[in-house]
Amino acid sequence: QVQLVESGGGLVQAGGSLRLSCAASGRTFSSYAMGWFRQAPGKEREFAAAITKSGSNTYYAHSVKGRFTISRDNAKNTVYLQMNSLTPEDTAVYYCGLTYLIGSYSSPSGYNYWGQGTQVTVSS
């Protein structure tokens, strides 16, 4: 079993930054790829970013590329999402997920475990 706990969400003004963290326990963290998704009210969960188990490769949705950075610290069993230049369109609940197969990194169905989510609200 895997437990994922997100933190770092909050209220920020447009143009500001936030850093989300996702702490993992229960399995060998360094053996699995990780991803960040987000879900706005009334919308489906959408892919934001993913990172391979070693951290050597990262993937981003077009909407966040150049503004968000995903990283991981395998010694701390933690994955991060640095979010810069935030806009009101980034407002959503952000979830981290663990996937056995990086090949399905952009689809929620490709993930095996999820955290409970953390709210990010960007005011205009």
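The values are calculated or read from the model by the stated rules, or taken from the named source; none is laboratory data. As the structure is a prediction and not an experimental result, all values here were calculated from the model. Methodologically, a virtual Cβ is constructed for each residue, glycine included, from the backbone with ideal geometry; neighbour enumeration extends over all protein chains shown. Accessible surface areas use protein heavy atoms only, side chains included; no ligands, DNA or RNA. Shrake-Rupley method; radii C 1.70, N 1.55, O 1.52, S 1.80 Å.
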Karplus-derived HN-Hα couplings along segment 89-96 (A = 6.51, B = -1.76, C = 1.60, θ = phi - 60°), whole Hz, x at Gly and Pro: 5, 7, 4, 4, 8, 9, 10, 9
Segment 21-37 - phi-based ³J(HN,Hα) in whole Hz, Karplus 6.51/-1.76/1.60, Gly and Pro as x: 10, 9, 9, 10, 8, x, 9, 6, 4, 5, 8, 10, 6, 10, x, 10, 10
Between T52 and N84, what is the label-to-label distance in nm when each label sits 7 Å out along the Cα-to-Cβ direction? 2.4
Here, trypsin sites (Lys or Arg not before Pro) of segment 26-124 satisfying both criteria (DSSP loop; at most 12 other Cβ within 10 Å) are K43, K76
Using a 1.4 Å probe on the protein heavy atoms, what percent of the accessible area of the chain belongs to carbon and sulfur? 47
What is the set of long-range amide H partners of Y100 at a cut-off below 5 Å, with H atoms built 1.01 Å from backbone N? N112
Take the Cβ-Cβ distance between D73 and Q39 as r, set R0 to 25 Å, and report the resulting FRET efficiency rounded to the nearest 0.05. 0.50
Which whole-number value in Å² is the accessible area per residue of the chain, probe 1.4 Å? 50
Out of all DSSP beta bridges in the chain, what portion is antiparallel? Express it as a percent rounded to 5. 90
With a Förster distance of 30 angstrom and the Cβ-Cβ distance between S104 and R19, calculated FRET efficiency to the nearest 0.05 equals 0.70
Under 19 Å from the Cα of K53, which lysines turn up, not counting those fewer than eight places away in the same chain? K76
